[in-house]
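Here the structure is laid out as structure tokens; the discussion comes afterwards.
The values are calculated or read from the model by the stated rules, or taken from the named source; none is laboratory data. Please read all numbers here as calculations on a predicted model, not as lab measurements. Here the Cβ is made from the backbone with ideal geometry for all residues, glycine too, and neighbour counts use every protein chain on show.
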Amino acid sequence: MSPLPVDLKILDYRLPTVRIFSPDEDAVIDRLAMMIEQRPALFKGMDVAMNYAEDLPNEFDQQVIEEFLVAHGVNVVARTTGEGNVLAFTASAKSQKSVPDEVISKSLRSGQRIYSKGSVVILGSVSSGAEVLAEGSIHVYGELHGRALAGVQGDRNAAIFTQSMDAELVSVAGVYRTGDQLDEGSKGNACSVMLDGDSLSFQSITQ
């Protein structure tokens, strides 16, 4: 069990997952508030799954936790098992269509290029020389070595998520950085890339 009441992880090839360990709802909310305050750009508009420890008491109020997240701009789109398998998509996910629009089950090789009119999930890696363009967000649950361009039609709420950042280029709504301009702390690590004003913000996904 985590020593913290709550953390944020990517489980398998799923969405970023908020894992709840503590039966103390106030402690969970306090920890979430601190995480959001420290990295507001990371959480704003983020799609997350919820994962509740199996030993939480029946009276634990999941709705209070999820309403807190939604009130702070986080999209709660699914609930998962301990292994990250999706149990159910939430009503808000269905109504807001927050679930990614396209899933690519294979890695992209050098020279391959895909374009998505919504958000896209790539379950493998993106090799050097490959390119992903999406009008929404890009989720790469392998390694990102190629080019990733999110929000290509100007969606400033789009973001890029990857398990391992080593991209040749990343761009959100036309604001870009090349590989030699990447944030040093993000290289080789799970992170998100999103707009913070008129510049790109790199945030660690693991809390």
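Side notes on the structure shown:
- Listed by first and then second residue, the pairs with beta-carbon distance under 9 Å, at least 6 apart or on different chains, first residue in the stretch 138-156 and outside the structural domain of Val175 (by TED's automatic domain parsing), second in a loop (DSSP other than H, G, I, E, B) and among the small types (Gly, Ala, Ser), form an empty list.
- Matching residues, the stretch 121-132, being buried (at least 19 other Cβ atoms within 10 Å of the Cβ) and assigned to a strand (DSSP E or B): Val121, Ile122, Val126, Val132
- Every residue from the stretch 177-207 that is assigned to a loop (DSSP other than H, G, I, E, B), of a type in the set (A, V, I, L, M, F, W, C) and within 14 Å of the chain's Cα centre (by Cα): Ala190, Ile205
- Ile29 passes every criterion in (1) farther than 20 Å from Ile122 by Cα; (2) modelled with pLDDT under 90 apart from (2).
- Residue within the stretch 56-65 that is of a type in the set (Phe, Trp, Tyr), over 16 Å from the mean Cα position of the chain (by Cα) and more than 25 Å from Gln203 (Cα to Cα) present: yes
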